[in-house]
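For reference, the structure discussed in these notes is given below.
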Amino acid sequence: MPGDEVPALASMRGGVAAVIPAAGEGRRMAVPVEKQFLPLRGLPIISHTVKVFQSCPDIQAIVLVVPEPRTEWVWEEVVRRNEFDKVMAVVPGGATRQESVRRGLDALGEGWEVVVIHDGARPLVLPETVTLVVEGARRHGACVVAIPVRDTIKEVDDQGFVTRTVPRRGLWSVQTPQGFRQGIITEAHLLAEKEGFEATDDAWLVERMGLRVKVVMGSQENLKITTPEDLTLAEEILARRERASR
């Protein structure tokens, strides 16, 4: 049942677990269903995402965080239907992404070496990327995947006028997965909750504690599906990968 821990996985503590937040509404898709459950080459987007972590040898357990009305459906139609036996719990999300991640961390329990956090709407991540992040988190305590910014970045005021051009050297666009030693990310979330601080990603919570975060190279293909155009592009990328694997 959703939220029930799989006994066999409980004995693997000390390894690496993944929290996959997928509780957002996805309003920019302009469809009556949450974007993470839209079909992508015959499967819900979230199924593709979980499949990557299921196949990654570095991951021992997975917690999914989904909208509360969807927990039973996800357990039956995503986890059991696809035999994702690394999924130890499906838990309801909170009002914000940060709260949803916190609930996922709580569901894991203590004793894990590294926790990897990955957006449910990023189904094109590769297992090799997950491995890079896990290795970075083990060595440095915190690690994120990112890509260098390629476009010119301008700061714009409330009236829509450019106030300055930001030099792009050293600027990176951060993606997920993001990996952390469990004690670090747990402390970071507890501190943020205590101080009422809300961040756009988990690494920011660690940065504000004064800790350094290692960056490893990501991919343009590791896109977050946010718009209908993103979904079309994801279809094309998966189709190309399938052709290449034949």
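The values are calculated or read from the model by the stated rules, or taken from the named source; none is laboratory data. In this text the structure is predicted, and so the values were computed from the model without any measurement. Quick reminder, even Gly has a Cβ in these numbers, built from the backbone with ideal geometry, and neighbours come from all protein chains shown.
Here are a few things to note about the model shown:
- Test: residue in the range 113-133 that is touching a strand residue (DSSP E or B) at 6+ places or on another chain (Cβ under 6 Å), more than 18 Å from Lys224 (Cα to Cα) and crowded, with 24+ Cβ neighbours inside 10 Å: yes
- For the range 161-178, taking the residues that are exposed (fewer than 10 other Cβ atoms within 10 Å of the Cβ) and within 20 Å of Val144 (Cβ to Cβ), the one that is nearest to the chain's Cα centre (by Cα) is identified as Gly170.
- The requirement of being within 15 Å of Phe180 (Cα to Cα) and of a type in the set (D, E, K, R) is satisfied by Glu110.
Residues are listed down the side, and each one gets a yes or a no for (1) closer than 23 Å to Leu43 by Cβ; (2) in contact with a helix residue (DSSP H, G or I) (Cβ under 8 Å, 6 or more places away or on another chain); (3) at pLDDT 95 or above; (4) surrounded by 15 or more Cβ atoms within 10 Å (Cβ to Cβ):
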position: Gly210; (1), (2), (3), (4): no, no, yes, no
position: Lys214; (1), (2), (3), (4): no, yes, yes, yes
position: Glu235; (1), (2), (3), (4): yes, no, yes, no
position: Glu242; (1), (2), (3), (4): yes, no, no, no
position: Arg246; (1), (2), (3), (4): yes, no, no, no
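- Strands (runs of 3 or more DSSP E) (entirely within the range 107-184) containing at least 2 residues that are within 30 Å of Val91 (Cβ to Cβ), touching a helix residue (DSSP H, G or I) at 6+ places or on another chain (Cβ under 7 Å) and in contact (Cβ under 8 Å) with a residue 12 or more places away in the chain: 114-117, 142-148, 172-181
- So Glu99, is it surrounded by fewer than 19 Cβ atoms within 10 Å (Cβ to Cβ), in contact (Cβ under 8 Å) with a residue 24 or more places away in the chain, of a type outside the set (Phe, Trp, Tyr) and on the phi < 0 side of the Ramachandran plot: no
- Number of residues in the range 106-126 that are over 8 Å from the mean Cα position of the chain (by Cα) and closer than 17 Å to Leu223 by Cα equals 4.
- Residues in the range 185-218 that are assigned to a helix (DSSP H, G or I) and small (Gly, Ala, Ser) were compared, and the one that is nearest to Asp106 (Cα to Cα) is Ala188.
- From the list Asp202, Asp151, Asp158, the lone residue that is buried (at least 19 other Cβ atoms within 10 Å of the Cβ) and among the acidic types (Asp, Glu) is Asp202.
- A single entry from Thr227, Thr200, Thr176, Thr186 fulfils the requirement of being among the hydroxyl-bearing types (Ser, Thr, Tyr), touching a His at 6+ places or on another chain (Cβ under 7 Å) and within 19 Å of Arg97 (Cβ to Cβ): Thr176.
- Gly196 being over 24 Å from Val133 (Cα atoms) and without any contact (Cβ under 8 Å) to a residue 12 or more places away in the chain: yes
- Residue in the range 219-237 that is farthest from Ala95 (Cα to Cα), counting only those that are among the aliphatic types (A, V, I, L, M) and not in a helix (DSSP H, G or I): Leu223
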